[in-house]
Structure formats: C-alpha cells, structure tokens
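No value in this document is a laboratory result; all are computed from the given coordinates. These numbers were taken from a predicted model, which means no experiment stands behind them. With ideal geometry, Cβ positions are generated from the backbone for all residues, glycine too; neighbour counts draw on all protein chains shown.
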Amino acid sequence: MNDTSDRQRDKTRRIMDAAVEVFARLGFRRARIRDIAAHAGVADGTIYLYFRSKEDLLLSIFEEKMDELIAGVHAALAEVHDPAEQLRVFALYHFGQVERNRAVAEVLQVELRLSHKFLKQYRPEKLWAYLRVIDGILERGRASGAFRPDADPAVLRWAFFGALDELAMQWVLVKPERRFPIDAAARQVADTFLRGLVQSDAPSPKPQEAP
C-alpha cells in the first residue's frame, strides 16, 4: 500500500464519519456539503473529489454500513446451529447495532428514506443480501423440520424484518428517557414469531434470559 492510497482512504473515512454525524444532527435535507467539510476538517471542494453529490455520499454510507452489518451478522451466527436460536441472534444483533451506533442508525432508519435517488433509482443489493440471511434461517428451519413446512420465507422475512425495522425506528426517534430496553424487544419479537413458526409437535422454543 502506498502513502497516497492510505491518505485517500483516511480522508474518505473522515468525510463519511463526518457525514454520519452531520446527517444525524441536522437531517439529510438541511445538511450542506460545507457542514460536512467543516466537521471533517477538509475544504468544501475536497468532498467532490471523492463523492459526486450529497446523495452519492449518503448512498456510500449505506453501502459501507450494510457491508459491516452483513459481515457482523454472519460472524454472530457462525457458532449457532439451531434455527430458532439463529432467529433470536439475528434480532439481538440487529438491535445491538442500533443501540451501539445511534447516529448511523438514525441515518439509515430516517434520513435514507428522504433520498429521492434511494427510493426511486437505487437498487439496494446490500439490503437484499442482509435479508437473505433471514431467508437462510427460515429455509434451514423448514428443511430440518423445526419450522412449519407451510411457512413462506418471503412473507415471513418481510414480516420479521419489518417488525425489527419499525421498532428500531421508534427507538431512534423517541427521547432517551422514553426508550424501551432494546435487547428485551429483540427477544420478544423473535419469540413471538417463533411461536407461530415452530412445528406443533416440536418443543416450544424457550425465551432466552438476558445475560
């Protein structure tokens, strides 16, 4: 690796980290390139050497953070083999990332939805890759006989992720003193879905105690 490449990567990282903070604080629509540049400690024009526009910067943040989410959830599931427990681990991992990275969560949960390009033109391949992790869990559960054979992975994937997404949105938007315990919410969502997924002749999944 040469020094120029290292400096470019460092500057890209500083700009993206600054954009996360500025988008979370001011909102995507109100944020200006000059705000991001000032927070990153670079000249306004420098940002355009790395990103074509404010929306391009927002989508780049989405791509990078989704890569991190995908790698992280695969690592979290690597040593877990029971499909029911995998569903719980997915929910706990997803909400854990929201809690630990609130600014990132606010950008992805709230500000990203304000991007016309994201909603109308962009193909969120990384989001679909993340959702395919849920598909894999559901398919393994059906193949092993742990989950009902009539469970439609496409329907359940969106229902499960939709519940996580809506709760994450509410957690991000409410005032800190009104936030619910996010790990307990993760377990409740997973256990509620599992009560409908598990075969009637299979042992009911036991809710996991908080560590």
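The spacing between region 3-47 and region 129-168, judged by their C-alpha centroids, is 37 Å. Amide H to amide H, with H built 1.01 Å from N, residue 147 comes under 5 Å of 142, 199, counting only residues 5 or more places away or on other chains. The phi-based Karplus calculation (6.51 cos²θ - 1.76 cosθ + 1.60; θ = phi - 60°) puts the 3J(HN,Hα) values of region 148-163 at 4, x, 8, 6, 8, x, 5, 5, 5, 4, 6, 5, 5, 5, x, 5 Hz, whole numbers, x for Gly and Pro. When you restrict to C-alpha pairs under 8 Å that are six or more residues apart and normalise by the size of region 76-199, the relative contact order lands at 39 percent.
Placing pseudo-labels 7 Å out from each Cα toward the beta carbon at residue 63 and residue 131 gives an inter-label distance of 2.0 nm.
For 39, 81, 94, the sequence from fewest to most other C-beta atoms within 10 Å is 81, 39, 94. Applying the Karplus relation 6.51 cos²θ - 1.76 cosθ + 1.60 with θ = phi - 60° to region 53-64 yields 3J(HN,Hα) values of 7, 5, 5, 4, 5, 4, 5, 5, 4, 4, 4, 5 Hz, where x marks Gly and Pro. Within region 7-45, list the residues whose amide N lies under 17 Å from a label point set 7 Å along Cα→Cβ of residue 114. Within reach of a label on residue 114, which here means backbone N under 17 Å from a point 7 Å along Cα→Cβ, region 7-45 contributes 18-37.
Among residues other than residue 55 with Cβ under 12 Å from its Cβ, the summed charge is +3 (Lys and Arg +1, Asp and Glu -1). Sorted from greatest to least, the principal axis extents spanned by the alpha carbons of region 1-51 come out as 37, 18, 16 Å.
Please give the FRET efficiency for residue 5 paired with residue 158, using the beta carbon to beta carbon distance and R0 = 30 Å, rounded to the nearest 0.05. For R0 = 30 Å, the calculated efficiency reads 0.15. Summarising the label geometry, the points placed 7 Å from Cα in the beta-carbon direction at residue 148 and residue 179 lie 3.5 nm from one another. Using the average count of surrounding beta-carbon atoms within 10 Å as a protection proxy, the listed peptides 166-173, 40-47 rank, highest first, as 166-173, 40-47. Comparing 99, 125, 139 in a Gaussian network model of the chain (Cα springs below 10 Å), the most mobile by mean-square fluctuation is 125. Region 179-196 and region 58-119 have Cα centres spaced 16 Å apart.
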